[in-house]
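Notes to accompany the following structure.
The values are calculated or read from the model by the stated rules, or taken from the named source; none is laboratory data. Keep in mind it's a predicted model, so treat the numbers as computed, not measured. Cβ coordinates were reconstructed from backbone atoms using ideal geometry, including for glycine residues, and neighbour counts include every protein chain displayed.
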Amino acid sequence: MSPTFVSIAYLVAAVLFILGIKNLTKPRTAVKGNQLSSIAMLIAVVVTLLDQQILGYSWIIVGMLIGGFIGAYLARTVQMTSMPEMVAALNGFGGGASLFVALANVFDPSMADNSVAQLSIGITVLIGSVTLSGSFVAFGKLKELLSGNPIKVPGNTILNGALVVAGLLLILANTMSPGGGWIFLLVVVAIALGLVLVLPIGGADMPVVIALLNSYSGIAAATAGFISGNTVLIISGSLVGASGLILTQIMCKAMNRSLPNVLFGVMAEGGEKIDADEVYAGKVKSSSPEEVAMMLETAERVVIVPGYGLAMAQAQHAVRELANVMEARGTDVKYAIHPVAGRMPGHMNVLLAEAEVPYEQLIEMDEINPQFEQTDVAIVIGANDVTNPMAREDKGSPIYGMPILNVDKARNVIIVKRSLSPGFAGLPNPLFAKDNALMLFGDGKKAIVELTASLKEAD
């Protein structure tokens, strides 16, 4: 292929990647962003294969059909509750792809004939292997194949540091003296590093981990681009790496975490065990759909707070129906979105978008918090830790300092939950025992459907 044509195609792909990520910053344009990024990747992959004369048109078409079928199947069959582990797996595949590109160049001396290429191979192998193993540990935790609780690794911090140092020394050794099995030893060390980084992290911190591993996969892709001199791979990988780190920093702020601690797999330590009986002390009040419907009849402002329980119950469409009924009665309905509600960044945005909730009703934490004092009813569905007042009030709590949704400041709070069981952080929630709070026990979807029916009967 003409070098000019290849350069122009790569430029078009790079611009589409940039526009794609730009559009992903807002729910209204997120679908367009995904489409632009997909087209960019298609252009980059096909042009690269043709330029390098790796495959003929027939094989490229066959690969597109097979990959397209798998992607379409997953898009239609993977439930929203399984999306976090799906994202974790895709991060792992991204890191693995970069790893295998680097290993392929090890066996092709013509592609790795200088120190820069050898250094790039070492860095790609390190980051790609860490991403691969770490992502699949995250997948196992989210899929509940592994315990969602922190899995203690003896001497974790020292072991992490030793593995990082060993990895860097192996990269240096391979750069100075290619061959000799350095690179394969590096693969073993890096995979072990990925394991010990993610195993000690609990389910409550998975949003941060997913964002960080996403960044790692982008950095690995960028360094793989230096090996083959592929500019579009460098650009796209850098975009993903940088945006992933920015997202990780946002997640850390939202969870009161330190980015250096996340990078080394050291998350918040638990404090003393808190007795739920002391927190609730017989103050929890149960309610019924009929009683809650009576409150909603006169409510002028209602804020719905979605959490992972809403995703588990697949209640997003039922919630949208409830909102429609309230809006028909003249009620102002909004949705409070916490940055780490659910198990991945933007989980609630995607969930509610599936139910075609208007984007302008999705209000971020900093904007919605001042509005709770003027809210007649806040309906919390499956959100536990992100509404826990301990984060503001209890300095001994492991979540102290974490920004939360101040739902307890609403005039009335309805908590839809199966039981008083704690959230990912394993803490009781004093919100449940507040004077202005009522518990609506039951399956999230069923409870909301019954509440909607009761509200309709009141008309």
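Each row is one residue, and each column tells you yes or no for (1) in contact with a Gly (Cβ under 9 Å, 6 or more places away or on another chain); (2) farther than 27 Å from Gly225 by Cα.
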| site | (1), (2) |
| --- | --- |
| Leu119 | no, no |
| Gly122 | yes, no |
| Ala138 | yes, no |
| Leu142 | yes, yes |
| Leu146 | yes, yes |
| Lys152 | no, yes |
| Gly167 | yes, no |
| Ala190 | yes, no |
| Leu193 | yes, no |
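So is Gly71 free of Cβ contacts under 8 Å to residues at least 40 places away in the same chain, more than 20 Å from the chain's Cα centre (by Cα) and either in the same structural domain as Leu11 (by TED's automatic domain parsing) or loosely packed, with under 15 Cβ neighbours inside 10 Å (or both) or not? In short, no. Would you say Arg343 is crowded, with 19+ Cβ neighbours inside 10 Å, of a type in the set (Lys, Arg) and either closer than 15 Å to Ile414 by Cβ or in contact (Cβ under 8 Å) with a residue 12 or more places away in the chain (or both)? So Arg343 fits the description; yes.
Here's the yes/no breakdown for (1) over 23 Å from Met83 (Cβ atoms); (2) in contact (Cβ under 8 Å) with a residue 24 or more places away in the chain; (3) in the same structural domain as Ser258 (by TED's automatic domain parsing):
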| position | (1), (2), (3) |
| --- | --- |
| Ile151 | yes, yes, yes |
| Thr157 | yes, yes, yes |
| Leu170 | yes, yes, yes |
| Val188 | yes, no, yes |
| Ile191 | yes, yes, yes |
| Ile201 | no, yes, yes |
| Ala220 | no, yes, yes |
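When the residues of the stretch 13-48 are filtered to those that are touching a residue at least 24 places away in the same chain (Cβ under 8 Å), in contact with a helix residue (DSSP H, G or I) (Cβ under 6 Å, 6 or more places away or on another chain) and not aliphatic (A, V, I, L, M), the one that is nearest to Leu351 (Cα to Cα) is Pro27.
With respect to Leu362, determine if the residue is surrounded by fewer than 23 Cβ atoms within 10 Å (Cβ to Cβ), in contact with a strand residue (DSSP E or B) (Cβ under 6 Å, 6 or more places away or on another chain) and of a type in the set (A, V, I, L, M, F, W, C).
So Leu362 fits the description; yes.
Just so you know, in the stretch 149-188 the residues that are buried (at least 18 other Cβ atoms within 10 Å of the Cβ) and modelled with pLDDT under 85 include one that is nearest to Ala88 (Cα to Cα), and it is Pro150. Restricting attention to the stretch 6-35, the residues that are surrounded by 19 or more Cβ atoms within 10 Å (Cβ to Cβ) and over 21 Å from the mean Cα position of the chain (by Cα) total 5.
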